[in-house]
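Colleague: Here it is: the structure, laid out below.
Read-outs: derived from the displayed coordinates by stated rules, not from any lab. Bear in mind the structure is a predicted one, so any value in this text is a computation, not a measurement. All Cβ positions, glycine included, derive from the backbone under ideal geometry; neighbour counts span all protein chains shown.
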Amino acid sequence: MSCEHVATLPVEVEADAEDYCADCRAAGKTGWVHLRQCLTCGHVACCDSSPGRHASSHAAADGHPIVRSWEPGETWRWCYVDSRVV
């Protein structure tokens, strides 16, 4: 299943962090639960189960609709606009 936003994604993006939430780290915080990578710009941020909820904040502020799981072994993607797996 896909959505119209998938067609707007670049072919490849480089992650801005390897194994941490870039926003939490910039604020001197830890404790994120899971990580997500923005598929528009590569920004790595924490999920909505984390205190900072930085991935969804990034999507809303920057208008970047789709993230992928940044967890080892996971390949799913989520569209914030359509609220579904794509």
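Colleague: Residue check, Arg36 against (1) surrounded by fewer than 19 Cβ atoms within 10 Å (Cβ to Cβ); (2) charged (D, E, K, R); (3) within 10 Å of the chain's Cα centre (by Cα), all met but one. Which one?
Modeller: Checking Arg36 against (1) surrounded by fewer than 19 Cβ atoms within 10 Å (Cβ to Cβ); (2) charged (D, E, K, R); (3) within 10 Å of the chain's Cα centre (by Cα), the one that fails is (1).
Condition check ((1) among the β-branched types (Val, Ile, Thr); (2) out of contact with any Phe, Trp or Tyr (no Cβ under 8 Å at 6 or more places or on another chain)) across all residues:
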residue	(1), (2)
Glu4	no, yes
Cys24	no, no
Gly31	no, yes
Thr40	yes, yes
Gly52	no, no
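Colleague: What's the number of the condition His58 fails, among (1) more than 19 Å from Tyr20 (Cβ to Cβ); (2) part of a helix (DSSP H, G or I)?
Modeller: The one condition His58 does not meet is (1).
Colleague: What tally of residues in segment 39-70 results from selecting those that are closer than 22 Å to Val11 by Cα and surrounded by 15 or more Cβ atoms within 10 Å (Cβ to Cβ)?
Modeller: Going through segment 39-70 one residue at a time, the tally reaches 17.
Colleague: Which of the residues spanning segment 1-19 are surrounded by 11 or more Cβ atoms within 10 Å (Cβ to Cβ) and farther than 11 Å from Thr40 by Cα?
Modeller: Ser2, Cys3, Glu4, Asp16, Ala17
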